[in-house]
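Worksheet: one structure, shown below.
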């Protein structure tokens with residue numbers, strides 16, 4: 001039980017900027033197991049963002065409340081996944097070969113492709129969420145953040161890590177059966193709770209959008225890289241989250 005608690009806190013430390021402070025509990029095995037809690041950490045991020053939205057919505061118009069909620073998520077994660085999205089677009093867009101792409105993705109500088117990808121991603125999120133009624137924004141933030149991180153876990157389970165080192169190295173060996181079951185169970189819990197409080201058909205559209213987002217993002221980087229990196233996992237999360245929101249808008 002202690003190992004499971006440590007793995008969850010390591011997942012929280014890895015995916016957010018929350019001051020967990022667990023240097024003495026770190027181990028490669030626990031870090032590898034932490035992937036099973038990525039969707040749960042996503043739910044926590046989405047929940048805190050939803051609280052910011054609800055409070056802001058009492059005072060400001062919906063678009064400002066949405067921007068505050070998005071800003072809260074960016075602060076909580078340190079724009080971790082957005083950085084991965086930008087690096088992925090810079091690398092795939094600017095690198096002619098696999099080696100060049102991986103080298104560009106290592107560069108801390110932001111290029112044209114990455115900048116455009118970030119602007120478009122943030123604009124799509126803000127626009128889509130603004131078009132939803134408040135109670136659906138809350139549900140979308142919680143479910144979207146949780147399920148989009150499950151989407152990244154599924155990439156780890158079905159692809160291979162292509163670097164010798166990096167942020168994705170702890171899960172380079174893939175996802176264990178136990179981790180996959182726990183991740184999927186968390187996703188099932190999110191879906192079940194949604195169906196109690198929101199329209200099930202809305203979730204069908206949202207999940208369809210998320211699947212499409214993951215599919216096209218993987219189609220963008222996997223042919224060139226032959227697998228995934230830590231950056232591309234962030235890109236998948238972003239594409240899946242955006243697809244989730246756009247699916248809801250399409251349902252409306």
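Coordinate-derived values only; no laboratory data. Everything quoted here is computed from the prediction, not taken from an experiment. Here the Cβ is made from the backbone with ideal geometry for all residues, glycine too, and neighbour counts use every protein chain on show.
Side notes on the structure shown:
- Sequence ranges 65-74, 33-42, ranked by mean other-Cβ count within 10 angstrom, highest first: 33-42, 65-74
- Here the Kirkwood formula puts the hydrodynamic radius of segment 96-148 at 13.6 Å, using every distinct Cα pair.
- Cα Rg, Dmax (largest Cα-Cα span) when computed across segment 68-124, Å: 12.1, 39
- Just so you know, the Cα atoms of segment 121-250 work out to an Rg and Dmax of 15.0, 46 Å.
- Cα pair count fraction exceeding 18 Å, expressed as % - segment 1-102: 60
- Under the criterion of Cα pairs below 8 Å and six or more residues apart, the relative contact order for segment 35-251 equals 30 percent.
- Comparing Cα centroids, segment 1-41 and segment 93-119 end up 29 angstrom apart.
- Rh by Kirkwood over Cα pairs, then Stokes-Einstein D for segment 86-187 at 1.567 mPa s and 4 °C, µm²/s: 81
- Helical mean residue ellipticity (222 nm; -39500 (n - 2.57) per DSSP H run of 4+; nearest 500) of the chain: -26000 deg cm²/dmol
- Highest average packing first - 217-229, 148-160, Cβ atoms within 10 Å: 148-160, 217-229
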